[in-house]
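The values are calculated or read from the model by the stated rules, or taken from the named source; none is laboratory data. Fair warning: this is a prediction, and the values are worked out from it, not measured in the lab. Cβ sites come from the backbone with ideal geometry, for glycine too, and all protein chains shown count toward neighbours.
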Amino acid sequence: MTTTAVKPATMAQALGRALRDAMAADPAVHVLGEDVGTLGGVFRITDGLAKEFGDDRCTDTPLAEAGILGTAVGMAMYGLRPVVEMQFDAFAYPSFEQLVSHVSRMRNRTRGALPMPITVRVPYGGGIGGVEHHSDSSEAYYMATPGLHVVAPATVADAYGLLRAAIASDDPVVFLEPKRLYWSKAEWSPDHPEEVAPIGRAVVRRPATGGRTATLISYGPSVPVCLEAAEAASAEGWDLEVVDLRSLVPFDDETVCASVRRTGRAVVVHESTGFGGPGGEIAARITERCFHHLEAPVLRVAGFDIPYPPPMLERHHLPGVDRVLDAVARLQWESEWTEGRAV
Amino acid sequence: MTVLEQPGAYRPTPPPAWQPRVDAAPLLPDAEPYRLLGTDAAADIDPALLTRLYGELVRGRRYNTQATALTRQGRLAVYPSSTGQEACQVAAGLVLREQDWLFPSYRDTLAAVVRGLDPVHALTLLRGDWHSGYDPRDHRVAPLCTPLATQLPHAVGLAHAARLKGDDVVALALVGDGGTSEGDFHEALNFAAVWRAPVVFLIQNNGFAISVPLAKQTAAPSLAHKAVGYGMPGRLVDGNDAVAVHQVLGEAVRRARAGGGPTLVEAVTYRLEAHTNADDATRYRSDAEVEAWRAHDPITLLEEAMRDRGLLDDQAVQSARDAAERMAADLRTRMHQDPALDPMDLFEDVYAEKTGQLREQADALRAELAAEEGER
């Protein structure tokens, strides 16, 4: 077997390769969005697709997100498999009605007659110095809509594997691309992509072996933050397990709860606002399922409950390593009543 | 001699002079709604078409009155009647070929029925036992759409997809005057024109968006004029003249099929009944206005034209009414039967496969149902 040398690849390259391979494998796959054709997208994810597959397969649309997703619905009704690019998280909002009222419900409304195999790619999240409306974490809106799958990769291999899975899925998938990880690199070969678990499966990125353990639960751009925090914490005597959810919907209770039962403590980390954000749902699910294993309340480290800040202030908003470590420190390591002193 | 005047020097070419991208004049609608009935041209219309349209109009009116009656009997949760708009409904239902697609709004169940849908299935949404009572692929009728104008981009996407696949398919999308104010109306028309998608948009301008009259909805010369801004032709037609609507839609469908792109048709009509059974139309319009439109009833217009040509007599009128009555009786009987509902269906077809969460919730509901059963 010939093996292509495994070289560092970026997440952006892996995403582009996933689109290309999906289009080559299935003529029903069509890419459409703003600037996705000639330009290759503002992040260049679709670079080369129009050239290779033609304008009818990779289409520069008019600048209208509801129109893009709305026409994708009709295309899906006729048996195509549209992959829609929303240019930025906050620019996806005009398409919200199509997503909520049609994309998510069409299968159910028609008793399975009209599935919606649509992938909505959304570059999301902050940390790239974007001006207003370019850094939102909008996953809570999507999670709250039954009928959608919601996915966010954190690694180069997952970006490829999950995007292929999303495009192949007969259900609509909101595919959140952490834009500050677009240029993150890993050893990865497009010719021998790693096996990636199907949508709906979380993965333990860093196992804890024992001692003062806790689980950090995150997804997308917060996974590297958690891994860094876990490394830093090990110097201070903690052994932190890091769970990368990968899919917010369907939610992998099994992997999350197995980890929390092992460690007894949990912190959920995400950029999205805390109030009404994904962390509340995750903390509730853990509490409902693992209450007797918990040594401390489940804590959340999230973005503040504010409109996404201007770029010169965003570092104060984004959950970083220090804030994660502060939360870990607050996980009631010494019981105030058993040890006889408050901490 | 300046540097630029030297031989071989760079000389910027001036930007191209501005010129219109298409000639707007041919896209403009007529000044008056196009009419056939009552004109000399009516003499040339195929008698078979007139007979077909008449039978469907009479049946359609009876369908509307029957469905409204079913709301009073508690058999329909709500019914947005198309009484007075039957010419548009019938023409839309008849003008398409088998492979074409119809994209109705919630007020267009009659058009779907004319296209071949079982009236009980068409009314399932409004009875409330499931959101779509039919498989859209059976008659190529998209699910009845409640959020206004959101079905229009679907029609464009489907027609575009069919064309990319090389299939001869036209999509006809229905919208009301109120729906033209929605953003999706704009985006759908724009996409359709840019892609030259084989789509026909039919606006049934029935005068009101629930209570809001057209004057509060738009300042455009006519809704058909909106077509010009997208670079597609706009046609204005008397929406109560079934023959004229059928002809204008037919031309638009043929144009779309031939690769000519989309057309916007505005049919000027009137909603003789209230918005739905839950509405009180006397709060926003006068009896005199309604009476004036009753005098321009689509069935009367066609009946008179056919009688003038000796194509319809009392016996034929009675025969059409009898056929309509049989349809109504059948609809009544079947709608008075309670639908068989299985609450466990709630978890079906949310996803291709149930998520763990839905499996848990389905189990919980199943247990609840079993407990209820045990209490009986």
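For the structure I just gave you, tell me whether B:A171 is of a type in the set (G, A, S), more than 7 Å from chain A (Cβ to nearest Cβ) and under 12 Å from the mean Cα position of the chain (by Cα).
Values: of a type in the set (G, A, S): yes; more than 7 Å from chain A (Cβ to nearest Cβ): yes; under 12 Å from the mean Cα position of the chain (by Cα): yes.
Yes.
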Of (1) surrounded by fewer than 19 Cβ atoms within 10 Å (Cβ to Cβ); (2) within 14 Å of chain A (Cβ to nearest Cβ), B:G259 satisfies every one except (2)
Of the residues in segment A:48-90, those that are assigned to a helix (DSSP H, G or I), more than 14 Å from chain B (Cβ to nearest Cβ) and under 25 Å from the mean Cα position of the chain (by Cα) come to A:L49, A:D89, A:A90
In segment A:34-80, residues that are touching a helix residue (DSSP H, G or I) at 6+ places or on another chain (Cβ under 9 Å), at negative phi and among the small types (G, A, S) total 8
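Does A:A113 satisfy the criteria of being within 21 Å of B:D138 (Cα to Cα) and of a type in the set (A, V, I, L, M)?
Details: within 21 Å of B:D138 (Cα to Cα): yes; of a type in the set (A, V, I, L, M): yes.
Yes: the conditions hold for A:A113.
Could you please let me know if A:Y93 is aromatic (F, W, Y), surrounded by 19 or more Cβ atoms within 10 Å (Cβ to Cβ) and in contact with a helix residue (DSSP H, G or I) (Cβ under 8 Å, 6 or more places away or on another chain)? Show your work before the answer.
Working: aromatic (F, W, Y): yes; surrounded by 19 or more Cβ atoms within 10 Å (Cβ to Cβ): no; in contact with a helix residue (DSSP H, G or I) (Cβ under 8 Å, 6 or more places away or on another chain): yes.
Answer is no for this residue.
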Of the residues in segment B:195-234, those that are of a type outside the set (A, V, I, L, M, F, W, C), crowded, with 24+ Cβ neighbours inside 10 Å and within 30 Å of B:V58 (Cβ to Cβ) come to B:Q204, B:N205, B:N206
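Tell me, which strands (runs of 3 or more DSSP E) lie completely within segment A:223-317 with 3 or more residues that are over 28 Å from A:D136 (Cβ atoms)?
On the way: elements: A:238-244, A:247-249, A:266-273, A:299-303.
Correct list: A:238-244.
Keeping to segment A:272-299, report how many residues are closer than 17 Å to A:A144 by Cβ, surrounded by 16 or more Cβ atoms within 10 Å (Cβ to Cβ) and out of contact with any Cys (no Cβ under 9 Å at 6 or more places or on another chain). Don't jump to the end; show me each part of the working.
At the first step, the residues of segment A:272-299 found to be closer than 17 Å to A:A144 by Cβ are A:272-285.
Checking which are surrounded by 16 or more Cβ atoms within 10 Å (Cβ to Cβ) leaves us with A:272-274, A:277-283, A:285.
Cutting the leftovers down to out of contact with any Cys (no Cβ under 9 Å at 6 or more places or on another chain) gives us A:272-274, A:277-283.
Matching residues across segment A:272-299 total 10.
Looking at B:G128, is it out of contact with any Gly (no Cβ under 6 Å at 6 or more places or on another chain), closer than 24 Å to B:A77 by Cα and either within 12 Å of chain A (Cβ to nearest Cβ) or buried (at least 22 other Cβ atoms within 10 Å of the Cβ) (or both)? Step through it out loud before you land on a result.
Details: out of contact with any Gly (no Cβ under 6 Å at 6 or more places or on another chain): yes; closer than 24 Å to B:A77 by Cα: yes; either within 12 Å of chain A (Cβ to nearest Cβ) or buried (at least 22 other Cβ atoms within 10 Å of the Cβ) (or both): no.
When the stated conditions are applied, B:G128 does not pass them.
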(1) over 23 Å from the mean Cα position of the chain (by Cα); (2) within 21 Å of B:P153 (Cβ to Cβ); (3) hydrophobic (A, V, I, L, M, F, W, C) all hold for A:L39 apart from (2)
inquiry  = Criterion first (touching a Leu at 6+ places or on another chain (Cβ under 6 Å) and in a loop (DSSP other than H, G, I, E, B)) does A:P153 satisfy it?
reply    = yes
Picking from B:A31, B:A69, the residue that is within 20 Å of B:E325 (Cβ to Cβ), of a type in the set (A, V, I, L, M, F, W, C) and either out of contact with any helix residue (DSSP H, G or I) (no Cβ under 6 Å at 6 or more places or on another chain) or crowded, with 16+ Cβ neighbours inside 10 Å (or both) would be B:A69
Quiz prompt | Any chance A:D47 is charged (D, E, K, R) and closer than 24 Å to B:A188 by Cα | solution = no
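Which of the following residues is more than 14 Å from every other protein chain (Cβ to nearest Cβ) and within 30 Å of B:W195 (Cβ to Cβ): B:T269, B:T333, B:T276? Can you show your working first?
Numbers: B:T333 fails: within 30 Å of B:W195 (Cβ to Cβ); B:T276 fails: within 30 Å of B:W195 (Cβ to Cβ).
The conditions single out B:T269.
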ask   = Has segment B:355-367 got at least one residue that is exposed (fewer than 11 other Cβ atoms within 10 Å of the Cβ), at pLDDT 95 or above and either of a type in the set (A, V, I, L, M, F, W, C) or assigned to a helix (DSSP H, G or I) (or both)?
value = yes
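Would you mind listing the helices (runs of 4 or more DSSP H) fully within segment B:179-297 where at least 2 residues are closer than 26 Å to A:G70 by Cα, in contact with a helix residue (DSSP H, G or I) (Cβ under 8 Å, 6 or more places away or on another chain) and without any contact (Cβ under 8 Å) to a residue 40 or more places away in the chain?
Details: elements: B:183-195, B:226-230, B:242-257, B:287-294.
Qualifying helices (runs of 4 or more DSSP H): B:183-195.
Specify the residue that is surrounded by the most Cβ atoms within 10 Å (Cβ to Cβ); the eligible residues are those in segment A:98-133 that are small (G, A, S) and over 30 Å from B:G128 (Cα atoms).
Of everything passing the filter in segment A:98-133, A:G125 is surrounded by the most Cβ atoms within 10 Å (Cβ to Cβ).
Taking segment A:104-120, which residues are under 19 Å from the mean Cα position of the chain (by Cα) and either more than 10 Å from chain B (Cβ to nearest Cβ) or assigned to a helix (DSSP H, G or I) (or both)?
Step one: list which residues in segment A:104-120 are under 19 Å from the mean Cα position of the chain (by Cα), which gives A:104, A:117-120.
Correct list: A:I118, A:T119, A:V120.
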When segment B:106-135 is checked residue by residue, the ones that are touching a Phe, Trp or Tyr at 6+ places or on another chain (Cβ under 9 Å) and not in a helix (DSSP H, G or I) are B:L117, B:D118, B:L123
Residue hits (segment A:167-189; buried (at least 24 other Cβ atoms within 10 Å of the Cβ), within 13 Å of chain B (Cβ to nearest Cβ) and not in a loop (DSSP other than H, G, I, E, B)) are A:V173
Of (1) in contact with an Asp or Glu (Cβ under 9 Å, 6 or more places away or on another chain); (2) more than 14 Å from chain A (Cβ to nearest Cβ); (3) buried (at least 24 other Cβ atoms within 10 Å of the Cβ), B:T109 fails just (1)
Notebook entry, point to check: In this structure, does A:T38 turn out to be closer than 21 Å to B:L164 by Cβ, in contact with a Gly (Cβ under 6 Å, 6 or more places away or on another chain) and either of a type in the set (S, T, N, Q) or free of Cβ contacts under 8 Å to residues at least 40 places away in the same chain (or both)?
Noted result: no
